[in-house]
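Student: Structure below; questions to follow.
The values are calculated or read from the model by the stated rules, or taken from the named source; none is laboratory data. Just so it is clear, the structure is predicted and the values come from calculations on it, not from any experiment. Virtual Cβ from ideal backbone geometry, glycine too; neighbours counted across all protein chains shown.
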Amino acid sequence: MRVFLNRVSKHFGRVKAVDELTLEIGDREFMALLGPSGCGKTTTLLLIAGFYRPTAGTILFDDQVVNDLAPRERNVGMVFQSYALYPHMTAFDNIAFPLRLRKVPKKELEKKVKAMASLLHIEEVLDRRPGELSGGQQQRVALARALVKEPRLLLLDEPLSNLDAKLRITMRAELKRLQKDLGITTIFVTHDQVEAMTMADRIALLESGRLQQVGPPEELYNLPTNLFVAGFIGTPPMNFLTAVLEEAEGKLFVRGSRFSLPLPEAIAHKVRFRGTSHTVIMGIRPEDITIGQGEIQGEIYVVEPLGKDTLVTVNIGGEIIKVIAPSSFRANPREHIRLAFFTEKIHLFDKETGKSLLI
Amino acid sequence: MVYKRLAKIVPYVTLVVVALPFLTMYVGFFMRAFGEKMTLGIIPERWSLYNFRFLWQPIAWGLEQTTMWTAFGNTVFFAAASGLIVTTICMLAGYALSRIEFRGKTFFLVLQLILHAVPGPILLIGIFFLLLYIGILHRIPGVALARAALEIPLGIWMAKGFFDGIPWDVERSAMIDGGTRFQVWYKIFLPLVKPGIAAVFIWGFLFAWHDFIYVYTLLPGTVKLMSTLIQSLLATEVIDYGYLAAMSLIYSIPPLGLFIFLQRILLKVPIFGGKGAA
């Protein structure tokens, strides 16, 4: 099923929790709503589920306007961050609850619950109560309960945040596979950009109730439309340096306090085409910087070995940047080193508006 | 050294002194109930169950007779009816006030507290006429309804407190699973607030159980509850204190039993305070 949010707003008093959000989620798509806490992503989910009524705008399921439908009339499955299992019922009864409300005959009900339990590998714990289940099992029960009624849409609110780090990585893959196998349109709320990047077909990044950018993970990573997106997507985050654009010898240079780099023609063309302002914010990802050679002088601030590579913090002329170096790299604080920026991967943002100059 | 010993002794002495009047009363109460022919008003000549003869003998009452068991049955009926009414109304109102937003909600909640502050006896005249006009005066269910009304305001707060403890996600989950508001209330909330149901029921039950003024005023003299029966025994020329003590003992067993049986649940009740005519 396709979900379409058309200029949807939700205000709580003066607070605009969601502000004119327009977003389309395609049939069978796995969409992540990503953003920091308080950005309006959970509000958006609750709007889609039907717990909140939009202040303005319309929500469509396929071609049906659902603004006035109660949650139970929307045929939506939802997994809550706390799982929200019914503590007084066994796992079986929890999963069976939506079917019992629909008065599904006993035999069919049992068959469906069993099938769902085997799909999620929880057959052995069906007679236990939520209090006797581990976090991971609770989540599977919650997922089974959401899926057993064969909903048109699955909503997941921070489904992985209560799991330990190891289980989270396992569940990430399992959820992604399950979504593809069942082919159910899924909207997934998270504040963790790694979760969003790894699982979603497309990511909608929200901030202060406004949509910042929507697109496939690699698009948000490679072509962020503004400073917020650039800083939010990617770990460690993108480095930002203040710089000016200068034209010299027919080439466009980006000049900072300690560097002056010629921009590749592809980037220079876009920037010239825009006829941009003089002062810009230059962005460069830690993985797009080479350490040990190059024009730029820096001083080691600290070196953090991560195993498969090393995170190096470098001070260049008073500005602190992060660099991903090979795992073998070692240096002492205050040591002087040289850096090279991979100019093809440079991002440029308008200093006033924060908007990307490359799109 | 002396100081340390004193610090140990002083609390005990204080406690004993404070507890002494109550202990004396209880000891005297039991002595009277189980003793015969008191000397010095407190030391019995011999122990017996003679004072409990009302358990198997009718009680002379004017020219007629009654039995303790009639009054006991009436009291159970009265208190249970009151408890049931309080529970039903408070469970519905508590849910609504905990979960549904509506105009005047805060006002309503504050109003309940104000209503609770009104002493029960001053409402008697109004309630008398109200019951008279509706046509349920002089009937145990009618008076139970009036008695229940006194405990409902605080009962609503109690119930709301229990419902407030249930996470929003659980309710949302039930609604998205296909539940109507009523189904969510009945199938999810009520099982989760069982202690609350017990507490509110006991609340309504106990205050009705030991009520005197309402029962005395609104029920006819021919319908006796335990409290009015004991009162009528006091109103005779020669008061048999042993007999009275024995009956009072029987009167106090059910609430005591309930308290002991549901002690742990009752301790969870956020607010506890008496009200009404005792």
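Student: What's the total number of residues in the range B:106-153 that are of a type in the set (A, V, I, L, M) and touching a Lys or Arg at 6+ places or on another chain (Cβ under 7 Å)?
Tutor: Number satisfying all stated conditions: 1.
Student: Name the single residue that is farthest from A:ASN94 (Cα to Cα) among those in the range B:150-176 being in contact with a Leu (Cβ under 6 Å, 6 or more places away or on another chain) and of a type outside the set (Lys, Arg).
Tutor: B:PRO153
Student: Within the range B:112-122, take every residue that is in a helix (DSSP H, G or I) and in contact (Cβ under 8 Å) with a residue 12 or more places away in the chain and give me the one that is nearest to the chain's Cα centre (by Cα).
Tutor: B:GLY120
Student: Just checking, how many residues over the range B:157-186 are within 8 Å of chain A (Cβ to nearest Cβ) and out of contact with any Ser or Thr (no Cβ under 7 Å at 6 or more places or on another chain)?
Tutor: Here the count works out to 11.
Student: Restricting attention to the range A:99-113, report how many residues are part of a helix (DSSP H, G or I) and over 33 Å from the mean Cα position of the chain (by Cα).
Tutor: Selection size over the range A:99-113: 8.
Student: Going through the range A:295-319 one residue at a time, which ones are of a type in the set (Gly, Ala, Ser) and assigned to a strand (DSSP E or B)?
Tutor: Selection gives A:GLY298 alone.
Student: Being touching a helix residue (DSSP H, G or I) at 6+ places or on another chain (Cβ under 7 Å), exposed (fewer than 14 other Cβ atoms within 10 Å of the Cβ) and at pLDDT below 85 is true for just one of B:ILE42, B:ILE59. Which residue is that?
Tutor: B:ILE42
Student: From the set of residues in the range A:57-86 that are free of Cβ contacts under 8 Å to residues at least 24 places away in the same chain and part of a loop (DSSP other than H, G, I, E, B), which is farthest from the other protein chains (Cβ to nearest Cβ)?
Tutor: My answer is A:ASP63.
Student: Now, a different point. When the residues of the range A:26-56 are narrowed to those that are more than 14 Å from chain B (Cβ to nearest Cβ) and outside any loop (DSSP other than H, G, I, E, B), which ends up farthest from A:ILE184 (Cα to Cα)?
Tutor: Among them, the one singled out is A:ALA56.
Student: While we're here: One residue is enough: does the range A:124-131 have a residue meeting the conditions under 27 Å from A:THR42 (Cβ atoms) and part of a loop (DSSP other than H, G, I, E, B)?
Tutor: no
Student: Looking at B:ILE239, is it free of Cβ contacts under 8 Å to residues at least 60 places away in the same chain and either closer than 26 Å to B:GLY135 by Cα or not assigned by TED's automatic domain parsing to the domain that holds B:ILE43 (or both)?
Tutor: yes
Student: Now for a separate question. Just one of B:ILE136, B:ILE125 is away from chain A (no Cβ under 14 Å), aliphatic (A, V, I, L, M) and not in a helix (DSSP H, G or I); which is it?
Tutor: Among B:ILE136, B:ILE125, only B:ILE136 is away from chain A (no Cβ under 14 Å), aliphatic (A, V, I, L, M) and not in a helix (DSSP H, G or I).
Student: Next question, about the same structure. Residue check, A:GLY40 against (1) buried (at least 23 other Cβ atoms within 10 Å of the Cβ); (2) under 19 Å from A:PHE61 (Cβ atoms); (3) of a type outside the set (A, V, I, L, M), all met but one. Which one?
Tutor: Result: A:GLY40 passes all but (2).
Student: Ok, one more. Identify the single condition in (1) at pLDDT 95 or above; (2) over 20 Å from A:SER208 (Cα atoms) that A:GLN64 does not satisfy, given that it satisfies every other one.
Tutor: For A:GLN64, the exception is condition (1).
Student: Out of everything in the range A:269-294 that is part of a helix (DSSP H, G or I) and at pLDDT below 90, what residue ends up being surrounded by the fewest Cβ atoms within 10 Å (Cβ to Cβ)?
Tutor: Out of the qualifying residues, it is A:PHE273.
Student: Then there is this: Any residue in the range A:281-300 that is over 10 Å from A:PHE341 (Cβ atoms) sitting within a Cβ distance under 7 Å of a residue that is of a type in the set (Lys, Arg) and part of a strand (DSSP E or B)? List the pairs, counting only those 6 or more apart or interchain.
Tutor: Close Cβ pairs satisfying both conditions: A:PRO286/A:LYS322; A:GLY292/A:ARG338; A:GLN293/A:ARG338; A:GLN297/A:ARG338.
Student: Out of contact with any Leu (no Cβ under 7 Å at 6 or more places or on another chain), small (Gly, Ala, Ser) and either farther than 30 Å from A:LEU211 by Cα or in a helix (DSSP H, G or I) (or both) - does that describe any residue in the range A:331-343?
Tutor: yes
Student: For the range A:87-98: of the residues being facing chain B (nearest Cβ under 9 Å) and outside any loop (DSSP other than H, G, I, E, B), which is farthest from A:GLU123 (Cα to Cα)?
Tutor: Among them, the one singled out is A:PRO98.
Student: Let me ask something additional. Hey, A:ALA115 hits all of (1) touching a helix residue (DSSP H, G or I) at 6+ places or on another chain (Cβ under 9 Å); (2) surrounded by fewer than 21 Cβ atoms within 10 Å (Cβ to Cβ) but one; which does it fall short on?
Tutor: Failed condition: (1).
Student: Which of the residues that make up the range B:207-242 are in contact with an Asp or Glu (Cβ under 9 Å, 6 or more places away or on another chain) and either under 19 Å from B:PRO254 (Cα atoms) or within 14 Å of another protein chain (Cβ to nearest Cβ) (or both)?
Tutor: Once the filter is applied, which keeps residues that are in contact with an Asp or Glu (Cβ under 9 Å, 6 or more places away or on another chain) and either under 19 Å from B:PRO254 (Cα atoms) or within 14 Å of another protein chain (Cβ to nearest Cβ) (or both), the range B:207-242 yields B:PHE207, B:ALA208, B:LEU225, B:SER227.
Student: Of everything in the range A:100-151, what is within 14 Å of another protein chain (Cβ to nearest Cβ) and small (Gly, Ala, Ser)? Give them in sequence order.
Tutor: Once the filter is applied, which keeps residues that are within 14 Å of another protein chain (Cβ to nearest Cβ) and small (Gly, Ala, Ser), the range A:100-151 yields A:GLY131, A:ALA142, A:ALA144, A:ALA146.
Student: Further question on the same structure: So which residues in the range A:168-185 are under 13 Å from A:GLU29 (Cα atoms) and touching a Gly at 6+ places or on another chain (Cβ under 9 Å), if there are any at all?
Tutor: Scanning the range A:168-185 gives A:ILE184, A:THR185.
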